[in-house]
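Each remark here refers to the structure printed beneath this line.
The values are calculated or read from the model by the stated rules, or taken from the named source; none is laboratory data. This one's a predicted model, so the numbers in the text were calculated from it and none came from an experiment. Methodologically, a virtual Cβ is constructed for each residue, glycine included, from the backbone with ideal geometry; neighbour enumeration extends over all protein chains shown.
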Amino acid sequence: MGYRFSNLTAACQDDWRAYIEHDFVRDLGDGTLDENAFRHYLKQDYLFLIHFARAYALAAYKSRTLADLRQAHEGLKAIVDLELGLHVGYCQEWGISEADLADLPEARATLAYTRYVLDAGSRGDLLDLHVALAPCVVGYGEIANWLNAQPSTLRGEANPYDAWIAMYESEDFQSAMHAELEWIDARLADVTPARFAELCTVFRDATRLEVDFWQMGLDRTD
């Protein structure tokens, strides 16, 4: 019997729960998150998206099939042509100008996670890269679903972060998340126990770096 993405999260359960249920996420869900902490996170997330696009460019280079090449191209195109523009617009709603974003230095947590993803993809194969990206691609969708299952989560105008939750519970994002899960599951099904152990290390490290990214936002650290 082959492995699945759920085996990755089970093997790294403590780190995965620390990420999904981080205090930043909880405070965002109940509307108590400090607005300056959210602004700091938004600024750094803009920089992360740029490196996310680079990761999809690397995925194109690493692709051995036309299907994987097309998937990487679509991911890169979506970030560069759509998501970055939407993120800039959302930042403007929070009083962050495009000029502010252009001159923004990277926080250490941003540097650590984005460079880890690119390094994992450079030294490994396409599956290593997808597993390193999974805490973001899959995790944000799971976070939105987890928040909606919590009785403390506020929705609508009562929560200034409602639009953030709505973004990741949306049909488009949830569909992309499930497509990514299917891609990863199909490839995990054929890996050996030794290879799975390697991928667990990649996934655990990437998840821990995502935890640090939340903490960076919460503490507003550079």
Practice task
Report, by residue number, each residue of the stretch 57-98 that is part of a helix (DSSP H, G or I), over 17 Å from Lys43 (Cα atoms) and among the polar types (S, T, N, Q).
Solution key: Gln71
Problem - Test for Met177: is it at pLDDT below 95 and surrounded by 14 or more Cβ atoms within 10 Å (Cβ to Cβ) - result: yes
Problem - Cross-chain or 6+ apart pairs with Cβ under 9 Å, the stretch 12-34 first and part of a loop (DSSP other than H, G, I, E, B) and surrounded by fewer than 19 Cβ atoms within 10 Å (Cβ to Cβ), then of a type in the set (Val, Ile, Thr) and at pLDDT 95 or above - result: Glu21/Ile143; Gly31/Thr153
Problem - Failed condition for Ala163, given (1) surrounded by fewer than 15 Cβ atoms within 10 Å (Cβ to Cβ); (2) in a loop (DSSP other than H, G, I, E, B); (3) not acidic (Asp, Glu) - result: (2)
Exercise for the section: Hey, could you check the stretch 116-126 for residues that are in contact with a helix residue (DSSP H, G or I) (Cβ under 8 Å, 6 or more places away or on another chain) and surrounded by fewer than 20 Cβ atoms within 10 Å (Cβ to Cβ) and say which is nearest to Cys12 (Cα to Cα)? Expected result: Tyr116
Completion exercise
Among Leu76, Leu82, Leu42, the single one that is modelled with pLDDT under 95, under 20 Å from the mean Cα position of the chain (by Cα) and crowded, with 16+ Cβ neighbours inside 10 Å is Leu76
Practice task
Starting from the stretch 187-214, keep only residues that are in a helix (DSSP H, G or I), then list their pairs with residues that are among the basic types (Lys, Arg) whose Cβ atoms are within a distance under 8 Å, requiring at least 6 positions of separation or different chains.
Solution key: Leu188/Arg4
Handout entry: Only listed residue being modelled with pLDDT of 95 or more, under 25 Å from Glu171 (Cα atoms), surrounded by 12 or more Cβ atoms within 10 Å (Cβ to Cβ) and charged (D, E, K, R), chosen from Glu106, Glu142
Key = Glu142
